[in-house]
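Asks: Questions regarding the structure given below will be posed in turn.
Throughout, read-outs are computed from the coordinates displayed, never taken from laboratory work. Bear in mind that the values here come from a model prediction, so they are computed numbers and not experimental data. Cβ placement follows ideal geometry from the backbone for every residue including glycine, while neighbour counts extend to all protein chains displayed.
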Amino acid sequence: MNPVPSSVLNLRGATLSFGARTLWRDLDLTIEPGEFFAVLGPNGSGKTSFLKVLLGLQKLSSGSLEVAGKAVGGKTVGNRTIGYVPQQKGFAAQTPLRARDLVGLGIDGDHWGVRLGAKAYRRRVDDLLRKVGATEYADVPVGLLSGGEQQRLRVAQALATEPALLLCDEPLLSLDLRHQRAVSSLVAEQAHRAGTAVVFVTHEINPIIEHVDRVLYLAGGRFRVGTPDEVMTSEVLSDLYGTPVDVFRSNGRIVVVGQPDATTHDHAHDAEEPV
Ligand SMILES: Nc1ncnc2c1ncn2[C@@H]1O[C@H](COP(=O)(O)OP(=O)(O)OP(=O)(O)O)[C@@H](O)[C@H]1O
């Protein structure tokens, strides 16, 4: 039997550049099972590119990546070790899929060693629907559901394979506060109770602040890794942005004032050590 790898994700000396523009350089990062890991940063800082690297859709300029103990060189999409919750995009009203069909697409009989029989398949889908609180709309066409309801189904679909690593690309965009809470709690539960490592890309840390173990903050071609308390400080963010930034705490929320909207400067030649 193969030894069980202790970390789910392992990046060593990872650098990603496009031409003269470096998004990050010499990133060493290990993510453990059960960790809720957030990726933050302004527009254009490289959050989506980071997820693309983990999905095997974007090659590193240098360095290495292992997921669940295996080197990643090509596509990891379709790899059942990885679950993926894409950005919220509505289904067309006439999409010919019910909620339960969408969740069922995440299940592959081969994953379970033998193909699931019809009964076991239905049980598994019902179980996932219950987990995301979608039982009552199981048979409704997905195009008729609200954005929040659809997003819960995408989470259920991504969890269907019981992935070791769950990648979430801004899954809270366009959800109201109640659904933001519901989706982030569900993802956190999967991390902290089921031991899935979660990489969660977001513009806004507050909706997930109570769940996050560590963050990767990307800005201006540089990065910091650490707990929210270590990274979300005036000192660290001012240093990353290269301009004075104030970070305040209010009722458990983090308010960042003065950061540029986008990454407008390039510290491509600065090396940055993780915190
Ligand atoms: N294949 C590519 N070739 C050249 N440049 C690219 C490529 N992919 C991304 N970039 C550039 O890299 C930078 C980071 O893009 P990315 O989409 O990763 O940022 P982001 O942090 O996800 O931004 P946003 O918050 O706006 O979604 C951008 O300036 C983008 O134009």
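Asks: I need to check one value: relative contact order of the chain, counting alpha carbon pairs closer than 8 Å and at least 6 residues apart, in percent.
Replies: 26
Asks: On a 0 to 90° scale, report how tilted helix 147-159 is relative to the longest principal axis of the chain, with both axes built from alpha carbons and the result rounded to the nearest 10.
Replies: 90
Asks: Across 10 Å bins from the origin, how do the percents of Cα pairs in the chain run, short distances first?
Replies: Distribution as computed: 7, 28, 33, 22, 9, 1, 0 percent.
Asks: Can you find, among Val8, Leu60, Val39, the residue sitting farthest towards the positive end of the charge dipole of the range 1-67, where Lys and Arg contribute +1 and Asp and Glu -1 at Cβ?
Replies: It is Leu60.
Asks: Would you kindly state how much longer the chain becomes between Asp28 and Lys59 on full extension, computed as 0.36 nm times their sequence separation minus their alpha carbon distance, in nm to one decimal? Intermediate values should be presented prior to the final figure.
Replies: Details: separation 31, 0.36 × 31 = 11.16 nm, distance 1.60 nm.
Gain on extension, Asp28 to Lys59, equals 9.6 nm.
Asks: Give the angle, between 0 and 90 degrees and rounded to the nearest 10, that separates the Cα long axis of helix 177-192 from the longest principal axis of the Cα atoms of the chain.
Replies: For 177-192 against the chain, the angle is about 90 degrees.
Asks: Positive end of the charge dipole of the range 157-268 (Lys, Arg +1 and Asp, Glu -1 on Cβ, about the Cα centre): tell me which of Val201, Pro228, Ala182 has its Cα farthest that way.
Replies: Ala182
Asks: Going Cα to Cα from Lys59, which lysines come in below 18 Å? Please leave out same-chain ones fewer than 8 positions away.
Replies: Within reach: Lys47, Lys70, Lys75.
Asks: Using only helices, what value at 222 nm comes out for the chain when you add -39,500 (n - 2.57) per DSSP H run of length 4 or more and divide by the total residues, to the nearest 500 deg cm²/dmol?
Replies: Value at 222 nm, helices only, nearest 500: -7500 deg cm²/dmol.
Asks: What size of dipole, in debye to the nearest 20, comes out for the chain about its Cα centre when the only charges are +1 on Lys and Arg C-beta atoms and -1 on Asp and Glu C-beta atoms?
Replies: 1140
Asks: Please give the length that would be gained between Val256 and Glu204 if that part of the chain were fully extended, namely 0.36 nm times their separation in residues minus their C-alpha to C-alpha distance (nm, one decimal).
Replies: Going from the current span to full extension adds 17.7 nm.
Asks: Could you let me know the centre-to-centre spacing of the range 149-177 and the range 230-248, using Cα atoms, in angstrom?
Replies: Between the Cα centres of the range 149-177 and the range 230-248 lies a distance of 30 Å.
Asks: Would you calculate the separation in nanometres between label points at Asp246 and Ser234, each defined as 7 Å from the Cα along the Cα-to-beta-carbon direction?
Replies: For the pair Asp246/Ser234, the computed spacing is 0.7 nm.
Asks: How far apart, in nanometres, would the label points at Tyr121 and Gln94 be if each is projected 7 angstrom from Cα along the Cα-to-Cβ direction?
Replies: Those two pseudo-labels are separated by 2.7 nm.
Asks: Evaluate the distance, in nm, between pseudo-label points positioned 7 Å from the Cα of Ala20 and of Thr81 along their respective Cα→Cβ axes.
Replies: 3.8
Asks: Identify all lysines with a Cα-Cα distance to Lys119 below 22 Å; exclude those on the same chain that are fewer than 8 residues away in sequence.
Replies: Straight-distance partners of Lys119: Lys131.
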